[in-house]
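One structure below.
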Amino acid sequence: MNPLKSILFLLPLLFSANAFSQNTTDEQLAAQYYQNKEFDKAVVYYEKLYSKKNTELYYTYYLNCLLELKDYSKAEKMVKRAAKQNPDQLKYLVDLGYVYLASGDKDKAARQYQESIKQIKENQQVFDVAKALINLKEYDLAIDAYMKGRKMSKDTYPFNFEIASVYALKGDITSMVSELLDVLMVSDAYIDGVQNALQPNFNSESDQKKIEIIKSELLKAIQRHPDKDVYSRLLIWMFEQQREFDAAFTQAKALDKRMKEDGFRIMDLAQICVANEFYDVAVKCYEYVIAKGRDGNYYYGARTELLNVLYKKIIGKKDYTRSDLLSLEKQYLSTLDELGKYSGTAGIMKDLAHLQAFFLGKTEDAKQLLNETIELPGLSEIMQAECKLEKADIELMTGNVWEASLLYSQVEKAFKQDQIGQEAKFRNARLSYYIGDFQWAQSQLSVLKGATTKLIANDAMDLSLKISDNLAIDTNPVPLMMFARADLEEFRNQDSLAELTLDSIEKLFPGHSLTDDILYKRYEIKFKQYKYQEAANYLDNIIKNFNDDLLGDDAMFKLAELYENKLNDKEKAKQLYEDLLVKHPDSLFTVEARKRYRRLRGDNVN
């Protein structure tokens, strides 16, 4: 190529690169001067940048510099020029009003603000003007802008949510709630939006006065519009957010009777109560639906779920007695007497067998009941497999290891590609671990590390690492065999025997690599016994002395859970979740820990 032509070809690129470099330098200097509040220097660069490239960013910084320097005349000219160049963007009219206000002419500013509202012709201008006024804390004028939008739209879009948000900024909670409730007169479909708008008022640090105002306005709306069930639904939702489940039940029951809903809303409320461990209210819900009679659509579901709640209520108590357990067994038996034993009640039969075997010591009754369940006509293959797994667990608990292994193998063979088959394979591998056949257990666990179900894959990985790590360091298998025996004793609910076995390991093999596993097993036993502070102490020991080992992140997450849900120390829980994110960024718990940390911090987490 001709050298001259090459130079001519490259010149535009060089000038372009130089211009880009110059522009970048100017922007950096402008930002630096602005940050240092050297506005007399920053204004020179922002004026230059704005003249070259008319962007909103440069406009804003340039205007702020002029106002800081009290150069109101130049600011007025600049804003008027921007308004003339962009006649549809009415925010510049608001900015002009702010220039007048900054210069001390309040009357002229007020007239200018009114002019910006007067010129609104379309919805986008409503949003732009209102947003500009809100930024200036001119809340009443912003409401006027939205009101004009409401009038223009002729009820096609009422702007209730936007107006409510401005009232919230003003601290006028009564007007905020009024706007949100009024939009429900337009359509019930807005209820999700109303709930989202009210949700921030129901966190743990909410102002009780706000909550009382919301409740009062809701009750007034219910009285004014008794035919609009949406307000009652919203009040029930509010009680749920406040965990006032008795009040929610009272409202839901009244709505159910008024609207003849057949109990579906009560069933939904019961599930929420169970999730929040308000078992007494859940029992009331299910008993209410049952009282409607066997012809109701939800009768059988309520009978079944009532048993599940009673089970959780009794087993979840720290001090349940054998009398409590026998009373629960009687409830199961009476339900089966009424509903009959058939494929539809197989779940109840399986749960009763679990209660009998693992809590009442009636293992033979439990096995007989499961055999009866497995033979029921029309029973699904999945339910049959679940019953076989339950029976296998009982056989393992009573020492019939080979019978248990046979049942696990049957389920695994029948459902090789399904989750329940993988669960059966894991339980069989765990059985081999319990009896000290570590090599066979490892061969099965290696396959399960790639299980499609994440929980099974993780459990397989954890057990595999426990075996390999403790055998790799110490060729003597005795400590691990003793620990496996303690695991089995804990599985059989023989907690005192398990603790004695753990004591023996520590005495016979002090400082063994199993020490952190022993601490974690002691935590699991104490947690099961509702001795939460003792459980926390064991986890804390792991964090202090074994934080870099395999159980470090497990201990930190479980301790955070304990403080959050059982020991009522939210700040401690928040700190532990944060520590886990920092110290164990690759942990399987990081996603859940981050979500819980943000929730405890007060963020709006979906």
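Quick grid of which residues meet (1) open to solvent by 40 Å² or more (accessible area, probe 1.4 Å); (2) under 27 Å from the mean Cα position of the chain (by Cα); (3) among the acidic types (D, E):
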position	(1), (2), (3)
V166	no, no, no
T174	yes, no, no
D182	yes, no, yes
D188	yes, yes, yes
D207	yes, yes, yes
E212	yes, yes, yes
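Where helices (runs of 4 or more DSSP H) fall entirely within the stretch 249-318, those with at least 3 residues that are open to solvent by 30 Å² or more (accessible area, probe 1.4 Å) and over 21 Å from Y332 (Cβ atoms) are at 264-275. Within the stretch 361-392, being open to solvent by 10 Å² or more (accessible area, probe 1.4 Å) and either among the small types (G, A, S) or not in a helix (DSSP H, G or I) (or both) holds for G361, K362, E375, L376, P377, G378, L379, S380. Taking the stretch 214-227 as the range and being buried (at least 16 other Cβ atoms within 10 Å of the Cβ) and either basic (K, R) or more than 18 Å from V183 (Cβ to Cβ) (or both) as the test, only K215 passes.
Taking the criterion of being within 30 Å of N276 (Cα to Cα) and either open to solvent by 70 Å² or more (accessible area, probe 1.4 Å) or over 30 Å from the mean Cα position of the chain (by Cα) (or both), would at least one residue in the stretch 140-157 satisfy it? No, there is no match, as no residue in the stretch 140-157 is within 30 Å of N276 (Cα to Cα) and either open to solvent by 70 Å² or more (accessible area, probe 1.4 Å) or over 30 Å from the mean Cα position of the chain (by Cα) (or both). Checking the stretch 447-468 against the condition returns no match, with no residue being open to solvent by less than 20 Å² (accessible area, probe 1.4 Å), over 19 Å from K391 (Cα atoms), in contact with a Phe, Trp or Tyr (Cβ under 9 Å, 6 or more places away or on another chain) and not aliphatic (A, V, I, L, M). Within the stretch 408-430, restricting attention to residues that are over 18 Å from L471 (Cβ atoms) and of a type in the set (A, V, I, L, M, F, W, C), the residue that is farthest from the chain's Cα centre (by Cα) is A414.
Among the residues of the stretch 169-197, the ones that are without any contact (Cβ under 8 Å) to a residue 40 or more places away in the chain and under 15 Å from I143 (Cα atoms) come to 9 in all. Of all residues in the stretch 526-558, which are of a type in the set (S, T, Y) and either outside any loop (DSSP other than H, G, I, E, B) or touching a helix residue (DSSP H, G or I) at 6+ places or on another chain (Cβ under 8 Å) (or both)? Matches in the stretch 526-558: Y532, Y538. Please go through the stretch 396-420 and pick out each residue that is at pLDDT 95 or above and either of a type in the set (S, T, Y) or touching a Phe, Trp or Tyr at 6+ places or on another chain (Cβ under 7 Å) (or both). If the condition is that a residue be at pLDDT 95 or above and either of a type in the set (S, T, Y) or touching a Phe, Trp or Tyr at 6+ places or on another chain (Cβ under 7 Å) (or both), then S405, Y408, S409 are the ones that fit. The residues of the stretch 91-132 that are more than 18 Å from E68 (Cα to Cα), without any contact (Cβ under 8 Å) to a residue 40 or more places away in the chain and among the hydrophobic types (A, V, I, L, M, F, W, C), listed by number, are L93, A110, I117, I120, V126, F127, V129, A130. Note on the stretch 579-598: residues that are part of a helix (DSSP H, G or I), open to solvent by less than 70 Å² (accessible area, probe 1.4 Å) and either farther than 19 Å from L550 by Cβ or not hydroxyl-bearing (S, T, Y) (or both) total 7. Taken over the stretch 593-606, the criterion of being under 23 Å from K526 (Cβ atoms) and out of contact with any Leu (no Cβ under 6 Å at 6 or more places or on another chain) is satisfied by R596 alone.
Residue count for the stretch 469-503 under the criterion of being surrounded by 14 or more Cβ atoms within 10 Å (Cβ to Cβ), part of a helix (DSSP H, G or I) and out of contact with any Phe, Trp or Tyr (no Cβ under 6 Å at 6 or more places or on another chain): the result is 19. Does any residue of the stretch 191-203 turn out to be over 25 Å from G602 (Cβ atoms), among the small types (G, A, S) and out of contact with any Leu (no Cβ under 6 Å at 6 or more places or on another chain)? No, every residue in the stretch 191-203 fails to be over 25 Å from G602 (Cβ atoms), among the small types (G, A, S) and out of contact with any Leu (no Cβ under 6 Å at 6 or more places or on another chain).
The values are calculated or read from the model by the stated rules, or taken from the named source; none is laboratory data. Predicted model only: the values in this text are computed from it and were never measured. Here the Cβ is made from the backbone with ideal geometry for all residues, glycine too, and neighbour counts use every protein chain on show. Side chains included, ligands, DNA and RNA excluded: accessible areas come from the protein's heavy atoms. Shrake-Rupley method; radii C 1.70, N 1.55, O 1.52, S 1.80 Å.
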